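Chemist: Next up is a structure, given as structure tokens.
The values are calculated or read from the model by the stated rules, or taken from the named source; none is laboratory data. Computed from a prediction, not measured in an experiment: that's the story for all the values here. Methodologically, a virtual Cβ is constructed for each residue, glycine included, from the backbone with ideal geometry; neighbour enumeration extends over all protein chains shown. Just the protein is used for accessible areas: all its heavy atoms, side chains included, with ligands, DNA and RNA removed. Shrake-Rupley method; radii C 1.70, N 1.55, O 1.52, S 1.80 Å.
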Amino acid sequence: MSIDVAVVGSCNLDFVVNVDAIPLVGQTILGGDLAQIPGGKGANQAVATSRLGYSSALIGRIGDDDNGKFLKQCLEDDGVDTSFLFETEDVPSGIAMIAVQADGDNSIVVSPGANARLTPDDVENIPFLETATVVLTQSEIPIETVIATGRNTSGIFVWNPAPAPEEIVPLELLDVVDVLVPNQTELSLLAATGPINSVEKAISAAQTLPCASVVVTLGADGAVVVANNDVMHIPAPFVRPVDTTGAGDAFCAALAGGISQGNDLIVSVEQAVRVGAATTLFAGAQSSLPTLEQVTERLEGG
Ligand code: ADP
């Protein structure tokens with residue numbers, strides 16, 4: 001079984017309600033109609049990879065509930081291999097409860113459910129970790145499982161430390177990472193620096209990390225690549241974003257997909273900044289994820 005990109009990560013059902021204003025402690029308010037949307041960074045990145053035309057699989061855990069069945073079906077509908085998306089007995093699937101305020105600000109409660117039960121043992125003996133050209137992970141599963149994934153990966157191991165880890169990241173993890181892909185907030189935590197608000201600060205913080213290659217995403221400023229002695233800033237195309245949700249996930253998927261085809265890291269990042277920018281032109285986390293043709297259409301049309 002060979003696959004371009006194996007994603008090891010989370011799968012959530014997002015319950016989204018629009019509200020005038022996020023409720024205060026003790027307050028009950030009425031909101032709009034409930035929208036139930038597949039999410040979770042692992043699932044988003046697996047779907048993004050598949051839409052871009054690379055073969056992908058999601059290795060993770062869902063609960064033994066209707067939400068889990070729905071999430072699995074959505075992944076399969078998008079062409080993601082779910083052979084190693086394990087069902088977890090007596091545990092609910094991961095969910096996120098999201099209240100979105102009229103001005104776009106939100107407040108989110110995540111119940112990791114089955115995602116928190118993905119153990120290091122689960123990632124032993126997964127054929128995809130030996131055969132996939134690239135293995136991609138994030139931080140919505142236990143950190144021990146991310147480390148075990150890195151150790152069991154035969155190909156290129158990419159870690160997107162999102163959301164920003166609350167615990168100290170063990171050095172042994174950074175040692176097994178081939179390509180680290182943090183955003184500015186995640187980089188400032190990993191490198192223990194102050195806020196990173198310029199290309200120069202991103203470069204000097206990335207240079208302190210022991211990973212072979214670091215690719216820092218910088219929103220509208222694109223990305224920087226710090227690999228061995230090479231440092232390069234790759235600007236993003238100018239766009240007028242509608243919704244930046246999903247841009248980081250699309251970026252990681254495009255980067256992993258590009259590397260899986262044997263493309264040079266810089267070439268892969270050049271493609272990833274275009275894919276990230278194109279994703280900001282549509283609303284939603286998974287609904288905004290483009291195919292390669294749509295990336296060109298959206299950027300030329302915008
Ligand atoms: P995250 O959402 O994970 O914090 P970023 O905001 O850094 O990630 O965005 C990831 C990528 O998406 C960027 O590197 C860039 O390619 C693209 N992107 C995000 N916001 C913009 C923007 N305002 N203009 C152009 N590209 C953007």
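Chemist: Karplus couplings for the range 287-294 from phi (6.51 cos²θ - 1.76 cosθ + 1.60, θ = phi - 60°), rounded to Hz, Gly and Pro as x?
Modeler: 5, 8, 6, x, 7, 4, 5, 5
Chemist: Just reorder Arg117, Arg274, Arg51 by solvent-accessible area, largest first, 1.4 Å probe, all chains present.
Modeler: I get Arg117, Arg274, Arg51, largest accessible area first.
Chemist: What distance in nm lies between label points placed 7 Å from Cα along the C-beta direction at Val242 and Thr291?
Modeler: Here the answer is 1.8 nm between the modelled labels.
Chemist: Separate question: Gaussian network model of the chain, Cα springs within a sub-10 Å range: biggest mean-square fluctuation belongs to which of Gly40, Gly113, Gly104?
Modeler: Among Gly40, Gly113, Gly104, the largest mean-square fluctuation in the Gaussian network model of the chain belongs to Gly104.
Chemist: Hey, another quick one. Within the range 196-302, which chymotrypsin sites (Phe, Trp or Tyr not before Pro) sit in a loop by DSSP and count at most 11 neighbouring Cβ atoms inside 10 Å?
Modeler: Answer in residue order: Phe238.
Chemist: Another question about this same structure. Once label points are set 7 Å from the Cα along Cα→Cβ at both Ala164 and Ala21, what is their separation, rounded to one decimal in nm?
Modeler: 2.7
Chemist: Report the longest stretch of the chain that contains none of the GluC sites (Glu not before Pro) sitting in a DSSP loop with at most 15 other Cβ atoms within 10 Å.
Modeler: By the stated rule (loop sites, at most 15 other Cβ atoms within 10 Å), 168-302.
Chemist: Then there's this: Relative contact order for the chain using alpha-carbon pairs under 8 Å, separation at least 6, rounded to a whole percent?
Modeler: The normalised contact order for the chain reaches 17 percent.
Chemist: I need two numbers for the chain: Rg to one decimal and Dmax as a whole number, Cα atoms only, in Å.
Modeler: Here Rg and the maximum Cα pair distance are 18.3, 55 Å.
Chemist: Placing +1 at every Lys and Arg Cβ and -1 at every Asp and Glu Cβ, with all other atoms neutral, what dipole size does the range 77-171 have around its Cα centre, in debye to the nearest 20?
Modeler: The calculation lands at about 280 debye.
Chemist: What whole-number value in Å² describes the accessible area per residue of the range 98-143 for a 1.4 Å probe?
Modeler: Value for the range 98-143: 44 Å² per residue.
Chemist: In a Gaussian network model over the chain where Cα atoms closer than 10 Å are linked, find which of Ala285, Ala43, Ala191 has the largest mean-square fluctuation.
Modeler: Ala191
Chemist: Placing unit charges on C-beta atoms (Lys and Arg positive, Asp and Glu negative, everything else neutral), compute the dipole magnitude of the chain about its Cα centre in debye, rounded to 20.
Modeler: 560
Chemist: Still on this structure, please answer the following. Quick one: net charge around Ala285, please, counting Lys, Arg +1 and Asp, Glu -1 for every other residue with C-beta under 10 Å from its C-beta.
Modeler: -2
Chemist: Additional query: Ignoring any ligand, DNA or RNA, what whole percent of the accessible area of the range 1-51 comes from carbon and sulfur when the probe is 1.4 angstrom?
Modeler: Carbon and sulfur: 54 percent of the exposed surface of the range 1-51.
Chemist: Would you calculate a helix-derived [θ] at 222 nm for the chain, using -39,500 (n - 2.57) for each DSSP H run of n ≥ 4 and dividing by the full residue count, to the nearest 500?
Modeler: Using -39500 (n - 2.57) per qualifying helix, the result is -9500 deg cm²/dmol.
Chemist: In whole Hz and in residue order, list the ³J(HN,Hα) couplings for the range 51-67 that follow from phi through the Karplus curve 6.51 cos²θ - 1.76 cosθ + 1.60, θ = phi - 60°; x for Gly and Pro.
Modeler: Here the 3J(HN,Hα) series is 4, 6, x, 9, 6, 9, 9, 10, 9, x, 10, 10, x, 8, 10, 4, 4 Hz.
Chemist: Mind checking the dipole of the range 152-251: about its Cα centre, +1 per Lys or Arg Cβ, -1 per Asp or Glu Cβ, Debye to the nearest 20?
Modeler: In debye, rounded to 20, the range 152-251 gives about 280.
Chemist: Considering amide H positions built from the backbone, and no H for Pro or chain starts, which residues 5 or more places from Ser10, or on another chain, come under 5 Å of its amide H?
Modeler: For Ser10, whose amide H was placed from the backbone, the distant partners under 5 Å are Lys41, Gly42, Ala43, Glu140.
Chemist: Mind telling me which of Gly42, Gly155, Gly262 comes out most flexible in a GNM of the chain, alpha-carbon contacts under 10 Å?
Modeler: Gly262
Chemist: Determine the per residue accessible area of the range 146-302 with all protein chains present and a 1.4 angstrom probe, expressed in square angstrom.
Modeler: I get 44 Å² per residue for this part.
Chemist: Want the number for Val231 to Glu124: 0.36 nm per residue separation, take away the alpha-carbon distance, what's left?
Modeler: Result for the pair: 35.0 nm of gain on full extension.
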